[in-house]
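Quick notes on the structure that follows.
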Amino acid sequence: MNEIVSKEQIAPDTWRLVVRAPEIARRRKAGQFVVLRVHEKGERFPLTLVSSDPDAGTIELIFQAVGTSTKLLAALQPGEDILDLVGPLGRPTHIEHFGRCVVIGGGYGMAPVIPIAQALHDAGNELVGINGARSADHVILVDRMGAICQRVEVCTDDGSLGRQGFVTAVLQEMIEADERIDFVLAIGPTPMMRGVAELTRPNGINTVVSLNPIMVDGTGMCGGCRVEVAGETKFACVDGPEFDAHEVDFDMLMRRQRMYDGLESDATRMFKPHSTPLDAPAHEGCCCEEDRPDGK
Amino acid sequence: MGSRVMTQQRQPMPERPADERVRDFDEVPIGYTAEMAVAEAQRCLQCKRPMCVEGCPVKVKIPQFVELIAQGRFSEAARKIKQTNAFPAICGRVCPQEGQCELTCVLGRRGEPVAIGRLERFAADWERAHDEVEAPAHPAPTGHSIGVVGSGPGGLACAADLAMWGHDVTVYELFHAPGGVLRYGIPRFRLPRAVLNAELDYLSKLGVTIRTNFVVGRTATIDELLQEHDAIFVATGAGLPRFLGIPGENLLGVYSANEFLTRVNLMRADRFPEYDTPVHCGDNVIVVGAGNVAMDAARTARRLGAENVTVVYRRTRGEMPARVEEIEHAEQEDVRMHFLLSPIELRGDDDGWARVAVCRRMELGEPDETGRRRPVPVEGSEFELPCDTVIVAVGSRAHPLVPDTTPDLDVSRRGYVAIDDSGATSKPGVFAGGDIVTGSATVIEAMGAGRRAAESIHRSLTGQEPPNGNGG
């Protein structure tokens, strides 16, 4: 069960797995996720389903190995099994013919953008991609965006690839240039998603974000993933994970994402001495893109 | 049959002292010795028309098994119970006997009823401890296949009966381990996991297949399962937490009882950092609600090291839905009960952590639709209780995944699945029972519903009565 078919490193600490999971592959729709557990004492954590191949019975996962569980996942080799894998969970993305869509991925948030962008493309939408990352070696999935977008704007914080600056600067230019934008999808670090929401709010541009709060069961039974949307409490696992960006309480989301910061399990400490990259503090209380396994 | 000593008092259950047991998650009651069990069993009058059986949702053959204990034939007693209830070690621990078999025991009219639950537990524990659990005989296969959705008490009871009657049964469970609320909800100190695992092992000896990590409604729909199975039993429970709907409920440190208990019971947060899943439990814990789940959460918080655990309930002690034993155990463990009190707001500190529960006093007014007097707020009575952790245990809602993904399944206004007297739903071949039909109830009521559905499924597939009759 859940055998890893192939494994590939696509950026620093960033891995792509193809996993045999025929039942999940058969039913997966854009925007859905799986919950995994990788060892007997491990936690349950969600990862977005990037793609699936129903004929081959496989699913594709892309994640950044920064937390304990994702590091253990990245340590698995082809031929080995993932202990527990359940899905597809969450509401599929609402896809329609919007017209011209801007799809934005911040850092490893590019991975969960891919399946939704593909579905938007398949529904006949015209896509512009904005692909932002810290530096050139952290830019991922440009080719796959290029295959479905009319154009892809790449930007990096340090200017080592594409333009220098944040994804929000690129979007702002597009809005100021009066480019037609009927729909915006933004997935990445929470401050980035909030930044996009603030940019599109004045013009009332339909904007959707995909949230990744802490989850346990992923099926609505615990309420740990609750978020406030339009003043109402929602469970991201069953009511989302996608919501209207203009109605999300991002401050609360960020606070709740940090609820267990500073707590280190034995498995976390096992990874500490040698393999935590200097620039990727996994449990240090920052809310940058390294906090969440798939960059959301 | 020997003569009975009618005047003998009910044998008390030996328990570990409170100050010892709050330091671990080991079981609280120690269990009867053989001598105590025989003495208690000899109190039974062996009524010709046993009222105790009438009070049992699964019609356990109570006088017969009690008599076997009185004769010292303990493992035979366990097997007698298993003719109608595959899980005596669970039921002997978690059933609310005081409102069921022991309520209707004739001894209870003048004194204390026979301790049927403790005897049930004793027989099952004896059989297991002495390695005398027999692999049940495998009947001739009927060729029928049944899918059971949910591995909680209702699903397990249904699966056990159907397997005993020769059907091929697969149980689907969304978590990575089976048992439903028996695993994620009920703490170890009430139901040790060795007991639960042994009962599940018995189920697999019956030939039942359990598929974990399978979310019906997501991994496959009911319609897809009907292509593989001749009938489906939906026992998905009422697993969705209710919240209070008051300001501040999404502050840090505020948990649903479901999340708090799942983190500890299923994910072993009590053994963090050995296990990866953490839980926050401060010194001042407020538990809102007064059912068994609230008692479980409060007692779990004490075991996680909380100094002050306060149960806040808007009615009075008399209306508490929890089992009497759970309330007593909680109070022995220094859980405080505040009655006629309702939180109206939670306030946090600058970092977003809950620190204060603003509570309002209540008084009892006219009876409501449940017959209980309705709590009415006392205006101007607000005051503040300090807190670090708040656990909301005010009930649960129907799990919506199966109804939402099964278009021709009739549901009630609140999302519970509608069934007829036989347990059949509006959809041919699909039966339902337990909390997904009734709303939150007890383990044994769900088991009773599972057994009734098993009978209906057997009749609908074979046109015959089940081999053991209704077990009465």
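List of remarks:
For (1) within 20 Å of B:D223 (Cβ to Cβ); (2) under 23 Å from the mean Cα position of the chain (by Cα), each residue gets a yes or a no:
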| position | (1), (2) |
| --- | --- |
| B:R374 | no, no |
| B:S381 | no, no |
| B:L401 | yes, yes |
| B:D410 | yes, no |
| B:D435 | no, yes |
| B:E445 | no, yes |
| B:P466 | no, no |
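- Number of the exception - A:E228 against (1) within 11 Å of chain B (Cβ to nearest Cβ); (2) in contact with a strand residue (DSSP E or B) (Cβ under 6 Å, 6 or more places away or on another chain): (2)
- Positions within segment B:124-149 being over 18 Å from B:F74 (Cβ atoms) and either touching a Ser or Thr at 6+ places or on another chain (Cβ under 6 Å) or of a type in the set (S, T, N, Q) (or both), in sequence order: B:T142, B:S145, B:G147, B:V149
- The one condition in (1) more than 17 Å from B:R218 (Cβ to Cβ); (2) modelled with pLDDT of 95 or more; (3) in the same structural domain as A:M270 (by TED's automatic domain parsing); (4) surrounded by 24 or more Cβ atoms within 10 Å (Cβ to Cβ) that A:I104 fails to fulfil: (3)
- Filter pass, A:Q77 being at pLDDT 95 or above and closer than 27 Å to A:F45 by Cα: yes
Each row is one residue, and each column tells you yes or no for (1) under 16 Å from B:G155 (Cα atoms); (2) polar (S, T, N, Q); (3) open to solvent by less than 10 Å² (accessible area, probe 1.4 Å); (4) in a helix (DSSP H, G or I).
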{"position": "B:R188", "(1), (2), (3), (4)": "no, no, no, no"}
{"position": "B:L196", "(1), (2), (3), (4)": "yes, no, yes, yes"}
{"position": "B:D223", "(1), (2), (3), (4)": "no, no, no, yes"}
{"position": "B:Q227", "(1), (2), (3), (4)": "no, yes, no, yes"}
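- B:A330 meets all of the listed conditions (1) surrounded by 18 or more Cβ atoms within 10 Å (Cβ to Cβ); (2) in a strand (DSSP E or B); (3) modelled with pLDDT of 95 or more but one, namely (2).
Per-residue answers, yes or no, for (1) touching a helix residue (DSSP H, G or I) at 6+ places or on another chain (Cβ under 7 Å); (2) crowded, with 24+ Cβ neighbours inside 10 Å; (3) assigned to a helix (DSSP H, G or I):
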{"site": "B:V402", "(1), (2), (3)": "yes, yes, yes"}
{"site": "B:G415", "(1), (2), (3)": "yes, no, no"}
{"site": "B:S422", "(1), (2), (3)": "yes, no, no"}
{"site": "B:S426", "(1), (2), (3)": "no, no, no"}
{"site": "B:F431", "(1), (2), (3)": "yes, yes, no"}
{"site": "B:I436", "(1), (2), (3)": "no, yes, yes"}
{"site": "B:I444", "(1), (2), (3)": "yes, yes, yes"}
{"site": "B:G448", "(1), (2), (3)": "no, no, yes"}
{"site": "B:P467", "(1), (2), (3)": "no, no, no"}
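Quick grid of which residues meet (1) open to solvent by 60 Å² or more (accessible area, probe 1.4 Å); (2) over 30 Å from B:T262 (Cβ atoms); (3) of a type in the set (D, E); (4) not assigned by TED's automatic domain parsing to the domain that holds A:P46:
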| residue | (1), (2), (3), (4) |
| --- | --- |
| A:L161 | yes, yes, no, yes |
| A:I175 | no, yes, no, yes |
| A:E198 | yes, yes, yes, yes |
| A:R201 | yes, yes, no, yes |
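- Residue, nearest to B:E328 (Cα to Cα), within segment B:260-298, restricted to residues that are surrounded by fewer than 24 Cβ atoms within 10 Å (Cβ to Cβ), in contact with a strand residue (DSSP E or B) (Cβ under 9 Å, 6 or more places away or on another chain) and not polar (S, T, N, Q): B:D283
- Of all residues in segment B:274-309 being touching a Leu at 6+ places or on another chain (Cβ under 7 Å) and under 16 Å from B:L385 (Cα atoms), the one that is farthest from the other protein chains (Cβ to nearest Cβ): B:I286
- When B:L340, B:L364, B:L346 are checked against the criterion of being open to solvent by 30 Å² or more (accessible area, probe 1.4 Å) and at pLDDT 95 or above, B:L340 stands alone in meeting it.
- Among (1) closer than 26 Å to B:F272 by Cα; (2) small (G, A, S); (3) open to solvent by 10 Å² or more (accessible area, probe 1.4 Å); (4) out of contact with any His (no Cβ under 9 Å at 6 or more places or on another chain) - the single one A:G67 does not satisfy: (4)
- Condition met for A:Q77 (farther than 29 Å from A:D182 by Cβ, more than 9 Å from chain B (Cβ to nearest Cβ), in contact (Cβ under 8 Å) with a residue 24 or more places away in the chain and out of contact with any strand residue (DSSP E or B) (no Cβ under 6 Å at 6 or more places or on another chain)): yes
- Hits in segment A:203-214 (condition: more than 11 Å from every other protein chain (Cβ to nearest Cβ), open to solvent by less than 10 Å² (accessible area, probe 1.4 Å) and touching a residue at least 40 places away in the same chain (Cβ under 8 Å)): A:S210, A:L211, A:N212
- Residue in segment A:215-240 that is most open to solvent (accessible area, probe 1.4 Å), counting only those that are among the hydrophobic types (A, V, I, L, M, F, W, C) and over 25 Å from B:V216 (Cβ atoms): A:A230
- Scanning segment B:299-315 for residues that are in a loop (DSSP other than H, G, I, E, B), open to solvent by less than 40 Å² (accessible area, probe 1.4 Å) and under 17 Å from B:G395 (Cα atoms) returns B:Y313, B:R315.
- In segment A:251-260, the qualifying residues are those that are open to solvent by 10 Å² or more (accessible area, probe 1.4 Å) and under 19 Å from the mean Cα position of the chain (by Cα), and the one that is nearest to the other protein chains (Cβ to nearest Cβ) is A:R255.
The values are calculated or read from the model by the stated rules, or taken from the named source; none is laboratory data. All values derive from a computational prediction rather than experimental measurement. Because the Cβ atoms are built from the backbone with ideal geometry, glycine has one as well, and the counts that use them run over all protein chains shown. For accessibility, only protein heavy atoms count, side chains too; no ligands or nucleic acids. Shrake-Rupley method; radii C 1.70, N 1.55, O 1.52, S 1.80 Å.
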